[in-house]
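What follows is calculated from the coordinates using simple rules that are stated; it is not laboratory data. Keep in mind that this is a model prediction, so the values were computed, not measured. Here the Cβ is made from the backbone with ideal geometry for all residues, glycine too, and neighbour counts use every protein chain on show.
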Amino acid sequence: MITDEKILKDLGSQFKQARDLIRFKQSEVAEAAGINSSYYAQIERGEVNTTFANVYRIAKALNIKNIEIN
């Protein structure tokens with residue numbers, strides 16, 4: 001069974017990989033998604049379980065079309 005912790009870590013890792021690919025700073029992604037930059041950093045590290053709305057806005061800011069949890 002996949003744990004919540006694993007889901008959050010995988011999601012954060014995908015956000016970081018996408019951010020690195022487009023060479024954005026965390027603050028730039030946070031601003032584009034309309035969230036606080038320190039909160040975005042926590043999401044990227046898998047430390048918080050954020051809302052679906054935030055996941056959607058972050059994915060849109062990073063131009064992510066599909067999210068896959070392994």
When the chain is reduced to its Cα atoms, the Kirkwood hydrodynamic radius in Å: 11.8
Fewest-first ranking of Tyr56, Tyr40, using other Cβ atoms within 10 Å as the exposure measure: Tyr56, Tyr40
Rough spin-label spacing in nm, given labels placed 7 Å along Cα→Cβ, for Ser37 and Thr3: 3.2
